[in-house]
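The values are calculated or read from the model by the stated rules, or taken from the named source; none is laboratory data. Bear in mind the structure is a predicted one, so any value in this text is a computation, not a measurement. Here the Cβ positions follow ideal geometry from the backbone for every residue, glycine too, while neighbour counts run over all protein chains shown. Protein only, heavy atoms only, side chains kept; ligands, DNA and RNA dropped before computing areas. Shrake-Rupley method; radii C 1.70, N 1.55, O 1.52, S 1.80 Å.
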Amino acid sequence: MMTTIKSMGLLGMNAYLVVVEVDFLRALPSFDIVGLPDTAIKESRDRVRFAMKNSGYPFPEAKVTVNLAPADVKKRGPFYDVPICLAILSVMGAIEVDTTQDIFLGELSLNGELRPIVGALPMTIQAKEMGFQRIFVPEENASEAGIVKGISVYGIRHINQLIRFLEGSLKLEPLKPHLPQNQFVSCADFSEVKGQAAAKRALEIAAAGGHNALLIGSPGSGKSMLAKRIPSILPDMSFEESIECSKIHSVAGTLKGGEPLITIRPFRAPHHTISPVGLSGGGSIPRPGEISLAHHGVLFLDELPEFSRAAMEVLRQPLEDGTVTISRASGTLSYPCSMMVIAAMNPCPCGYFGHPSRKCTCSTAAVKRYLSRVSGPLLDRLDLHIDVMPVEFESLSSTVTEEPSYQIKNRVNHVRALQRQRFEGTNILTNAQIQPAMLSKFCPIDSKAMQVLKGAFEKLGLSARAYDRIVKVSRTIADLDNSEVIGAIHVAEAIQYRSLDRKYWNH
C-alpha cells in the first residue's frame with residue numbers, strides 16, 4: 001500500500017510543500033525516483049539503501065518507486081533522504097506511525113546519521129504557515145529552525161532516534177523557541193579615526209538616511225578605515241529585518257551554528273576580482289550573491305574602478321529596486337538586496353591627483369581613463385561623493401579624544417525614528433527609498449532652497465536622478481537638524497556631496 005510523507009522544497013527564499021510518495025511491486029529489484037529530481041536527489045538511492053542497512057533495516061527486494069509531488073517542479077538538494085527512508089520503512093510495514101501533521105527534512109549519511117541542510121529557516125516558516133504541528137530537522141539545524149514560534153521543532157542525530165521517537169519508545173522534547181538578543185560585538189569605532197571631520201559628517205548622513213556613498217582620496221587617507229566603521233553607527237536591526245536577513249543566509253548556507261538569527265547588520269566586502277555572478281547571485285542552482293548577503297547592511301566595494309565593468313553594471317538595477325532577479329533556464333528567482341553601498345577609490349592610477357603635497361605622475365588622459373571606469377549611470381546612483389583629504393600631522397598627533405561611534409549612532413537612531421513615523425503606512429523605511437512621485441509630499445523645500453537647487457542643476461548639468469538624490473540627501477540633513485522643511489543650508493550641503501558628477505569630474 002502506498003505511503004506518503006511530507007517534506008519541503010526551496011525556490012529561492014520561498015519554500016513549498018513536497019509530498020514524498022512511495023510504493024513497491026514484487027518484481028525485479030530496482031529503485032527509481034521520479035518527480036524532476038536533480039543529481040543530489042537521485043543519489044539518495046544509495047544513501048538511503050545503506051543508511052537502512054547500517055541501521056538494522058533490510059531494503060525491500062522489490063521494484064521501489066519514489067514520487068516527489070508536485071511532479072512539474074524541479075526538486076534540488078538532499079532534503080528528502082529522511083522522508084524517503086521513512087516512507088520505505090512504512091510501506092514495508094517495518095514502522096506504523098501517523099505523520100500527517102509532520103514535516104521531515106534531512107540528508108542521511110551511510111551509517112544513518114543526519115547531516116545539516118541549507119534553508120531550514122524558510123522551510124520551517126512555511127511549514128508553520130501551512131498549519132503543520134511538528135518539523136524534524138538535523139540536529140545542527142535545530143537552533144535555526146527553533147526561532148520560529150507556533151511549531152514544534154525536533155533536532156535529530158540518527159534515523160534510529162527518529163524512528164524510536166515516532167514509535168513511542170523514545171521520548172524527545174521539542175526545542176524551546178529562543179530568540180537571541182542583540183549581540184554585542186566589539187567592532188572598530190569612529191573614535192579611532194583622527195581628523196576627517198567632513199568625511200565623518202558625510203557618513204553620518206549616509207547612515208541616517210540609508211544613502212549610498214563614494215569615498216575618493218589618495219592612498220592612506222583613511223577611506224577603508226572610515227568605511228569599516230560604518231556598521232558601528234547603523235541602527236540596531238528590528239526582528240523583521242533579522243528574520244529576512246537570516247532567511248537569505250540560511251538559503252546561502254552561511255548561517256553559523258551558534259548564531260541562528262542574524263542580529264548584527266551584515267558588512268560584506270568582496271574583492272575586486274569578483275565575477276558578476278558572485279556579486280548578483282546565480283549558478284545552476286541560483287544562490288544569493290554578495291548584494292543579497294548584504295541585505296539590511298553594508299556592501300563595501302574597495303578600489304571601485306578595479307572591479308570589472310560587467311560587475312559594476314550589475315549593481316544598477318538592484319540599487320534602484322532593492323531586489324535582484326536571477327533568470328535561468330530552470331526558472332526566475334528574486335532575492336531582496338536593500339543595502340547601503342559604500343565604495344572607495346583613488347582619484348587616479350598613482351593615487352595622488354589633487355594631493356596637496358605629492359605630485360601626480362599620471363597624464364591627463366590616464367586620469368580620465370581611470371575615472372571613466374566608473375560609469376555615469378552608476379555614479380548617479382551613489383548619493384554622496386565624499387572627498388577624503390590626507391590627514392594633517394597635527395590631527396594625527398593630537399591627544400584630543402574623537403567623538404565615539406555610540407554618540408553618532410544616537411543621532412542616527414533619532415533620525416531613523418523620525419523616518420519611521422513619517423513613512424508609517426508605506427513600504428518605505430529610509431529617506432533613500434523615497435520614490436520620485438512622493439518627493440513633493442515628504443520633502444517640502446522652501447523658496448530659497450529651491451533657488452539654490454536650480455542654480456546647481458544648471459551649473460553642474462545634473463541628471464534627473466541626481467536631482468532626486470540631492471533632494472533625498474537634503475531631507476536627511478534637515479532631519480539631523482530637526483527641521484521639517486528643507487532649507488537652503490540643507491540643500492547647499494547636499495549639493496557639495498555631488499562634486500564628482502560627470503560634467504564637473506572631467507576637468
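Quick look at the numbers
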| quantity | calculated |
| --- | --- |
| Number of the exception - E139 against (1) open to solvent by 70 Å² or more (accessible area, probe 1.4 Å); (2) touching a Ser or Thr at 6+ places or on another chain (Cβ under 6 Å) | (2) |
| Members of region 110-136 found to be farther than 18 Å from G253 by Cβ, open to solvent by less than 10 Å² (accessible area, probe 1.4 Å) and not in a helix (DSSP H, G or I), listed by number | G112, I135, F136 |
| Selection count, region 305-344, where residues are open to solvent by 30 Å² or more (accessible area, probe 1.4 Å), free of Cβ contacts under 8 Å to residues at least 40 places away in the same chain and in contact with a Pro (Cβ under 8 Å, 6 or more places away or on another chain) | 4 |
| Matching option when the condition is without any contact (Cβ under 8 Å) to a residue 40 or more places away in the chain, farther than 24 Å from V415 by Cβ and among the hydroxyl-bearing types (S, T, Y), among S292, S275 | S275 |
| Lone unmet requirement of (1) in contact with a Lys or Arg (Cβ under 6 Å, 6 or more places away or on another chain); (2) open to solvent by 30 Å² or more (accessible area, probe 1.4 Å) for D38 | (2) |
| Test: residue in region 345-365 that is open to solvent by less than 40 Å² (accessible area, probe 1.4 Å) and among the β-branched types (V, I, T) | no |
| Yes/no for I5 being under 29 Å from K247 (Cα atoms), modelled with pLDDT of 95 or more and open to solvent by less than 50 Å² (accessible area, probe 1.4 Å) | yes |
| Residue in region 74-91 that is among the basic types (K, R), open to solvent by 60 Å² or more (accessible area, probe 1.4 Å) and over 29 Å from the mean Cα position of the chain (by Cα) present | no |
| The one condition in (1) within 25 Å of V153 (Cα to Cα); (2) modelled with pLDDT under 95 that F59 fails to fulfil | (1) |
| Subset of region 157-171 (residues that are free of Cβ contacts under 8 Å to residues at least 60 places away in the same chain, within 16 Å of M52 (Cα to Cα) and not basic (K, R)) | Q161 |
| Residue match in region 54-77 (condition: touching a residue at least 40 places away in the same chain (Cβ under 8 Å) and in a helix (DSSP H, G or I)) | yes |
| Residue match in region 190-202 (condition: within 23 Å of C350 (Cα to Cα), at pLDDT 90 or above and in a helix (DSSP H, G or I)) | yes |
| Residue in region 262-281 that is outside any helix (DSSP H, G or I), in contact with a Lys or Arg (Cβ under 7 Å, 6 or more places away or on another chain) and not hydroxyl-bearing (S, T, Y) present | yes |
| So R475, is it of a type in the set (D, E, K, R), open to solvent by less than 30 Å² (accessible area, probe 1.4 Å) and in a helix (DSSP H, G or I) | yes |
| Some residue of region 116-138 being among the hydroxyl-bearing types (S, T, Y) and at pLDDT 95 or above | yes |
| Complete set of residues in region 78-99 that are among the aliphatic types (A, V, I, L, M) and not in a helix (DSSP H, G or I) | A94, I95, V97 |
| Wholly enclosed helices (runs of 4 or more DSSP H) of region 374-470 bearing at least 3 residues open to solvent by 50 Å² or more (accessible area, probe 1.4 Å) and among the hydrophobic types (A, V, I, L, M, F, W, C) | 447-460 |
